[in-house]
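These notes are about the structure you will find just below.
The values are calculated or read from the model by the stated rules, or taken from the named source; none is laboratory data. Predicted model, so just to flag it, every value in this text is computed and none were measured. Using ideal geometry, Cβ is built from the backbone for each residue, glycine included, and neighbour counts are taken over all protein chains shown.
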Amino acid sequence: MQRPAATHSTHDELLLVRLYGGDVDERERSSALDQMASCEQCADLFADLGAISAATAALPVPPRPRDFTLTEADVAHLGRRHIGRGIFDWLGRTRALGGSMVAAGVIGVVLIGAISAFAPGGSGGGQGTLAVAGPANAAGTSDTQYGVPVPAADQTNPGRKSTGETATTLSGVPSTVPTSPADGTSPKVPSSTPGAQAIASGDTALGPETGGLAGAPGGVSIAAPTPGSGAAGRPAPEQDSRNVALLAFAGLAFLGVLLLALPRFAARRARR
Amino acid sequence: MADERVVTDAQKAEVGRAADPGQGIDIALVSQAVGGELAAFNRLVERHQDHLFGLVYRLVPDRDQAADVVQEAFLSAYRNLGSFRGGSVKSWLSRIAVNAAMDLQRARKRRPSQPYPEFEDESWQPPAPEDFEPEHTALAGERSRVLAAALAALPFDQRNCIVLFDVDGYDYGEIARIMGISIGTVKSRIHRGRLALRRALEPVRELFRG
């Protein structure tokens, strides 16, 4: 009187498993028993559950490989490891923070790089850019402004001649001396441009840090800064701030990498 | 320190109430170990190390790794003696061992390239019984091998619950406490695990009959 096996696929096998585990109420119990009575495969399943469970309980276990009692050395080591593990566990939780820091750092570096590349005069590293701290001269002969590239031809400033000084630029590096007013007084030179300061005051003793020539005769000053030093090599203030931001973002990314690496180190330590 | 004192007093009081004499001994040993007696803790280790190794070996079927897990569990138990709040010391140690095994299983899940080497190693077999019959022994060995492999293929949450239920004889509530999950979740994991196990072993079901 058993139903054909094809109907077994419609039976609730989980109900039989729950019956085996004693996790059924009275109604479910009678339903499961009916199911087993009418379906040979359901009855087999129930029998298999019992056999597998018994075999699981009888699975052999190999002999214990060693004694697990603790020694005084284990206990002493445990105290030290507890402290170390506490620190490294805390660091391990900073993994997410590390990832965020790396991402923020990389994005920052890329953005600053893009800004430097596309901003006017931003990528020249100060070359061809006037870094004039003082106001435009009264004669109005120069269009020197912050960050505005000036052609080499413009570097010969007529206003400078009225001071009786000769300002010579080398290697096409622009002079940073503001033109003097027509009355022949020395122009106000920003202290941040030592080469230019020397020119304005007629000082002939230009130190090596100015890139000039010490002891030039006849009050002739030569402002010849080497690339990357002296007044002409100094980057514009906004370039300075970009560099600072670039360093900050790179530092952030580096810290993030450290935070990402520490949990691995901690895990290796813990395994030891 | 005061906390430890309270625990110790509570444990001492429980020694007298413990119905199981073994349980009473365990609680007395825990009390002494909390007071700093390493020898008392080591007696506790000697009483339970075989059981814990058998339990962990079924969860982490690699002998060396199972030994490491058990050692880690005893170290953890010693470190957290103050957190024992009475009850069954065996269950408390089992919970610590199961948690240590689960940590290893999670780590293994993250690095699935490390197989359980002893599934491939059939060199170890249980000692032959007195009434040694080669055919019977071969059949039992084969049954153990395929069952161990099927157990290992289960999700470790299901495997842990089945081992605790079938091998250690814990009930649903105790397993829920050990694993820190609800009783309903324990039941669900055991039922689904059993069904998966049966499906996996269906081609070799003759091994389990008779």
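If I filter the range B:25-73 down to residues being not in a helix (DSSP H, G or I) and not aliphatic (A, V, I, L, M), which single residue comes out as nearest to the chain's Cα centre (by Cα)?
Filtering the range B:25-73 for residues that are not in a helix (DSSP H, G or I) and not aliphatic (A, V, I, L, M), the one nearest to the chain's Cα centre (by Cα) comes out as B:P61.
Which of the residues that make up the range B:63-109 are touching a Phe, Trp or Tyr at 6+ places or on another chain (Cβ under 6 Å) and closer than 16 Å to A:L70 by Cα?
Residues satisfying the conditions are B:V70, B:Q71, B:F74, B:Y78.
Which one is surrounded by the fewest Cβ atoms within 10 Å (Cβ to Cβ) among residues in the range B:69-98 that are touching a residue at least 60 places away in the same chain (Cβ under 8 Å) and closer than 17 Å to B:L55 by Cα?
Among those that are touching a residue at least 60 places away in the same chain (Cβ under 8 Å) and closer than 17 Å to B:L55 by Cα, it is B:S91.
Take the residues of the range B:168-207 that are within 15 Å of A:A54 (Cβ to Cβ) and surrounded by fewer than 20 Cβ atoms within 10 Å (Cβ to Cβ): which is nearest to the other protein chains (Cβ to nearest Cβ)?
Here the answer is B:R205.
Within the range A:52-69, does at least one residue satisfy the condition of being more than 10 Å from every other protein chain (Cβ to nearest Cβ) and either over 55 Å from the mean Cα position of the chain (by Cα) or at pLDDT below 90 (or both)?
No, the range A:52-69 has no match at all.
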